[in-house]
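Note sheet for the following structure.
The values are calculated or read from the model by the stated rules, or taken from the named source; none is laboratory data. Since the structure is predicted, the reported quantities are computational estimates derived from the model, not experimental observations. Here the Cβ is made from the backbone with ideal geometry for all residues, glycine too, and neighbour counts use every protein chain on show. These accessible areas exclude ligands, DNA and RNA; they are computed on the full protein's heavy atoms, side chains included. Shrake-Rupley method; radii C 1.70, N 1.55, O 1.52, S 1.80 Å.
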Amino acid sequence: MKLIERTSRTYLWLSIVIFLISAGMLIFVLTAVMNNRLDEQLRYNKEVLAKTIKYDYPLTIFDPPAELNESEQKKYPNDTVIFKDTLILRAIEGEGVDEFEKYRQLTAYETLHDKRWKIVVRNSLVRNQDFIWVIVLSSFIIIILLLIGLWILNTKISKKIWYPFYTNLDKLKNFSVQDKNPIELESSNIDEFKELNESIRNLTQKLQSDFSSLKEFSENASHEMQTPLAIMQSKIELLLQSNNINQKQSHQLQSIYQAGKRLSKLNKTLLLLAKVENQQYSTKEEVSFHNLIEKQLENYEDFILNKNITVTKNLSEHIVSTNAILADTLISNLISNAIKHNVENGTISIIYKEDELIFSNTGEPLIGAPEDLFNRFKKQSSRKDSLGLGLAIIKQICDVNQWQLNYHCIDKLHTLSVLFNKKQTSKSN
Amino acid sequence: MKILIVEDEIELLDSMASYLKNEDFICEKASSFFDAEDKIISFKYDIIILDITLPDGSGIDLLKLVKEQSAKTGVLIVSAKNSLDDKLKGLDLGADDYITKPFHLAELNSRINSLIRRRNFDGDEFIVFNEIRVDPSSKEVTVHGKPIELTKKEYNLLLYFITNKNKVLTKESIAEHLWGDDIEMADSYDFIYTHMGNLRKKINKLGGNNYLQTMYGLGYKFTDTLK
């Protein structure tokens, strides 16, 4: 629910409640006042009637004054005046329909010419009731008018006042920590929004600087590690050349050497990832995936033959504009991945079309969740020589090129597909 | 063959120098920009191994200087930064090859030898090891004058071994040489074994000796001296 909708709704309920209360109060007060006035009128009429009787003028607009019988004389002492509402059946002229009408009625007991009289005068309340209906109706119309007014006002306000808010919200949605430029926010003269903008600006700047220093750190750390690793490796290699090492020492040396190799491989891979992330491979050229795939397949020939894997290819000659080193790394990783996770006598199918590159390979089902597949150090296999970074590299290369990488697995056939035209496909989705 | 090694890490500099000295290269060492500049101006080198990042200057500037002094000098750039910019810049400015730290000393030696062959310094076209003769330009190998048919991997393997003869070559270094350093598969060691077996058989068939020695599972050595 949008904020404006929420406040509008509150306004609406409040208005309805207030109007109902005020309409009720209006009806109550007005009725009381009117009744009061009517009662005065009735009193006056009664006087007229009494005088008529006193001076013997016959009048027909009121009930004929009646003499009180014994019991009534006892019940009602002199000068008793009773006001009450009453319903009287009245025939509507010309329609022949009987209808009850509401009347206000005054009953007075008076002694006139030494006789006790009951005087009854009435006034129709119909006009009063009409009045009440008019009040209700007009209240209702006012409520509606008010609501429409509020709605229009709110929409206008929302468009104008909330405009910077929604624009900034969109900008935040599209914000990426990898952006080098600070986020540019729509300014507003409303204090809350100003504060919000200020906070967002600080927060995003902090995020960006933290992110870039983290990237720098990992890149620098990797760089700095290269030299000591190189020294280690070269010293062991020199040591290996000496003729007087025995088998035991040789095994220990081998362990150190292999651990060093592993470390340096890990370091190299992390460095590559950091560099891809830092957009250091931005020079683009025309790359033929067809040639790259053929070249890498040749390089991996031994591995393919060893597992007796059947490779089927359907490669088009399309040219993609991208970084050559990244393209090479991508293909090498895709092929090595397809071989590494393959089974004996398995298959690899490579399809390269204008807008898509699809690698399918047979293999054991995934152990973990497919969502974790592209995460760093998430190993799907228990192989010792696997760093668990191959797919992370593939993903990273696709990300910087704005290609879409998809994975799915049907019946032990794992498929990785790279969509080159990410923007178009996401539009059609 | 005179080589100048420019590297600010003394330990690494010493390792490189001692490995290459064994290969009958005359090695000189420079551990700073200043030192290197001095040596480049004063002497003539066939090969310069150049570290790009020096504390008192950039190797790129030294490269320019080298090319001004003697265009014939072969330059092999060594860098901890596997950055494309350095590589392209270096190769643009006339560097012949590029190697990233950490590297195998055998690989460094192999690169230097291939650089020497490409530049054809001594006019010696063939690489000869006793009865085995390799012609790098046509990639033909003969044993006792009789040609043998080698696969690309076998040829590369043989060349790597002969270039680094009498040295223990680790399986890792061989795997990287054959498949590139992206390789991440344990299987590759088995393949080395297979390729070596085939290579040995092919050489033996033509009456060649078995020069390959296994070093406790560590690696292999191509040598004509007995253990």
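Numbers for the structure displayed
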| quantity | calculated |
| --- | --- |
| Residue ID - nearest to the other protein chains (Cβ to nearest Cβ), chosen from residues in segment A:288-312 that are polar (S, T, N, Q) and exposed (fewer than 15 other Cβ atoms within 10 Å of the Cβ) | A:N308 |
| Cross-chain or 6+ apart pairs with Cβ under 6 Å, segment B:19-33 first and more than 12 Å from B:L50 (Cα to Cα), then surrounded by fewer than 19 Cβ atoms within 10 Å (Cβ to Cβ) | B:F25/B:M1; B:I26/B:K2; B:C27/B:A17; B:C27/B:K21 |
| Yes/no for A:L266 being modelled with pLDDT under 90, more than 11 Å from chain B (Cβ to nearest Cβ), over 21 Å from A:L416 (Cα atoms) and in a helix (DSSP H, G or I) | no |
| Hey, B:L12 closer than 21 Å to A:A221 by Cα and crowded, with 18+ Cβ neighbours inside 10 Å or not | yes |
| Selection status of A:Q279, at pLDDT 85 or above and within 13 Å of another protein chain (Cβ to nearest Cβ) | no |
| Condition check for A:Q226: modelled with pLDDT under 85, within 9 Å of chain B (Cβ to nearest Cβ) and surrounded by fewer than 18 Cβ atoms within 10 Å (Cβ to Cβ) | no |
| Of all residues in segment A:313-348 being in contact with a Gly (Cβ under 7 Å, 6 or more places away or on another chain) and open to solvent by 20 Å² or more (accessible area, probe 1.4 Å), the one that is nearest to A:L366 (Cα to Cα) | A:H341 |
| Set B:D51, B:D96: member being of a type in the set (D, E) and open to solvent by 10 Å² or more (accessible area, probe 1.4 Å) | B:D96 |
| Exclusive hit being closer than 20 Å to A:K84 by Cβ and exposed (fewer than 11 other Cβ atoms within 10 Å of the Cβ), set A:V29, A:V33 | A:V33 |
| Filtered residues of segment A:171-185 (kept if over 10 Å from A:S212 (Cα atoms) and either surrounded by 13 or more Cβ atoms within 10 Å (Cβ to Cβ) or in contact with a His (Cβ under 9 Å, 6 or more places away or on another chain) (or both)) | A:K171, A:L172, A:F175, A:I183, A:L185 |
| Residue ID - modelled with the highest pLDDT, chosen from residues in segment A:78-97 that are open to solvent by 80 Å² or more (accessible area, probe 1.4 Å) and assigned to a loop (DSSP other than H, G, I, E, B) | A:D79 |
| Qualifying positions in segment A:251-285 - in contact (Cβ under 8 Å) with a residue 60 or more places away in the chain and either of a type outside the set (D, E, K, R) or touching a Cys at 6+ places or on another chain (Cβ under 7 Å) (or both) | A:L266, A:T269, A:L270, A:L272, A:L273, A:V276, A:N278, A:Q279, A:Y281 |
| Residue list for segment A:339-375, filter: in contact (Cβ under 8 Å) with a residue 40 or more places away in the chain and more than 19 Å from A:E317 (Cα to Cα) | A:K340, A:H341, A:I348, A:S360, A:N361, A:T362, A:G363, A:E364, A:P365, A:L366 |
| Residue match in segment A:201-210 (condition: touching a strand residue (DSSP E or B) at 6+ places or on another chain (Cβ under 8 Å) and open to solvent by less than 50 Å² (accessible area, probe 1.4 Å)) | no |
| Selection count, segment A:249-263, where residues are of a type in the set (K, R) and more than 9 Å from every other protein chain (Cβ to nearest Cβ) | 1 |
| Which listed residue, of A:A274, A:A221, is more than 7 Å from chain B (Cβ to nearest Cβ), under 30 Å from A:Q402 (Cβ atoms) and open to solvent by less than 20 Å² (accessible area, probe 1.4 Å) | A:A274 |
| Any pair with Cβ under 9 angstrom, 6 or more apart, that starts in segment A:197-222 at a residue that is under 19 Å from A:E186 (Cα atoms) and ends at one that is of a type in the set (S, T, N, Q) | A:N197/A:N168; A:N197/A:S187; A:N197/A:S188; A:I200/A:N168 |
| Pick from segment B:99-133, criterion open to solvent by 70 Å² or more (accessible area, probe 1.4 Å) and part of a loop (DSSP other than H, G, I, E, B), ranking: nearest to B:L158 (Cα to Cα) | B:N130 |
